[in-house]
Amino acid sequence: MCAAARLLAILIFVATGPAVAQEKHLIDPTPPGSLNPEPLPPLQNPDAPSTPAKELFARKPTPFPGLPRSIGGYFDGCLAGAAPLPITGSAWQVMRLSRNRNWGNPQLVRFIERFAENANKVGWNGLLVGDMSQPRGGPMLSDHKSHQIGLDVDIWFTPMPDHVLSREERELGSATDVVAPDQLDVDPEVWAHRHVELIRTAAQDPAVIRILVNAAIKKALCREAGADHTWLFKVRPWYGHAEHFHVQIACPADSPECKPQPAPRPRDGCGHELDFWFKESSLHPPPSKPKPPLTLAGLPPACKQIVKAP
Ligand SMILES: [Zn+2]
């Protein structure tokens, strides 16, 4: 690692804390899906200790049966007893069905139902729901680092259209990018006060511990929140997150093996705290060296049983 990269890593660590520092949505996490998804080819040597865990979890199309359990950490764990979020709800629709990632701890499903209802009260017609977790959680083939224990969900900034979306619209429709091209602020052409209301509504849900948004969005929230900043500490700036926001809920009380994240500092995070994000090195970070993929040895032992079960 060169000195500049090391400094950047330290700065990121200081600015965000170790737990969030691993979350990287540098790449748009909502590429088009597929209308005819091909099943993945079988692995040559699935029992080799070097097999990336993501290859194993991606090949499990159904949940592990039994009581719901979120096991391990948001970045290194798995999920038993997952519940699916229905693809069309009273005030939400699931996008990118080919990814089969509309699974979560039942507490997450309940949160989304509740959030959709509350968002409706502040003028949001319905939610477009992106990735939750795979049927058994665990690491994913695409760039997501968290979303492993059924307690994370991505919500698009695009309002839900007033009809039931076709399969094609769900796979190929694109999410609205609400950040201006220079990344210094939101795009006034698409950003509206209802976006503030939407994020505030999510942040005020007691189950929610953290929300990740692009720094330009955090800046807009600080400016437009009004007098009440009490909810803003949960909304943290991060790379990407210009088309969707990432919502994380707390470890449920009935998941004793769930590893909680440190809570964000109880400050609104506005003003100079955002300066770091608007430096050239943060707006256009150098590519980071890919880390070796997680193997089953890097996950709690229960995850091996969960991913190996038929
Ligand atoms: Zn996410």
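No value in this document is a laboratory result; all are computed from the given coordinates. Keep in mind the model is a prediction, meaning the values are calculated, not measured. So basically every Cβ, Gly included, is an ideal-geometry build from the backbone, and we count neighbours across all protein chains shown.
Quick check: convex hull of the Cα atoms in region 76-188, volume per residue, rounded to a whole Å³? Walk me through the numbers before you get to the answer.
Working: hull volume 13.8 nm³, N = 113.
Each residue corresponds to 122 Å³ of Cα convex hull volume.
Given N residues in region 85-145, what is Rg(Cα) / (2.2 N^0.38 Å)? Provide the component values of the computation, followed by the final result.
Details: Rg = 12.1 Å, N = 61, 2.2 N^0.38 = 10.5 Å.
That works out to 1.16 for region 85-145.
What length, rounded to one decimal in nm, is gained on full extension from SER166 through to ASP254, with 0.36 nm per residue of separation minus their alpha-carbon distance? Walk me through the intermediate numbers first.
Working: separation 88, 0.36 × 88 = 31.68 nm, distance 3.67 nm.
Full-extension gain reported as 28.0 nm.
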- [ ] Return the percentage of antiparallel bridges among DSSP beta bridges fully within the chain, rounded to the nearest 5 %.
- [x] 75
Task: For region 205-310, the Rg and Dmax computed from alpha carbons only, in angstrom - done: 17.7, 54
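For PHE111, what is the net charge nearby, where nearby means another residue's Cβ is under 12 Å from its Cβ and Lys, Arg count +1, Asp, Glu -1?
Details: positive: ARG110, ARG114; negative: GLU113, GLU117, ASP152, ASP205.
Local charge sum for PHE111: -2.
How much of the DSSP beta bridge set in region 50-166 is antiparallel, as a percent to the nearest 5? Kindly include the intermediate steps, with their values, before the conclusion.
Working: 10 of 13 bridges.
Antiparallel bridges: around 75 percent, rounded to the nearest 5.
Do the sum for the chain: with -39,500 (n - 2.57) for every DSSP H run of n ≥ 4, divided by all residues, what is the mean residue ellipticity at 222 nm, to the nearest 500 deg cm²/dmol? Numbers along the way, then the final one.
Working: 9 runs with 78 residues, N = 310.
-7000 deg cm²/dmol, from helical runs alone.
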Task: Choice from ALA53, ALA82, ALA192 with maximal GNM fluctuation in the chain (Cα, 10 Å cutoff) - done: ALA192
Open item on the list: Ignoring solvent entirely, what values of log10 I(q)/I(0) come out of the Debye formula for the chain at 0.12 Å⁻¹ when each Cα is a single scatterer?
Closed with: -0.80
TODO: Can you bin region 146-256 into rounded, prolate or oblate? Criterion: square roots of the alpha carbon gyration tensor eigenvalues sorted a ≥ b ≥ c, rounded for a/c under 1.5, prolate for a/b above b/c, oblate for the rest.
DONE: oblate
- [ ] Could you tally up the Lys pairs in region 181-300 with alpha carbons closer than 21 Å? Skip any pair fewer than 8 positions apart unless they're on separate chains.
- [x] 6
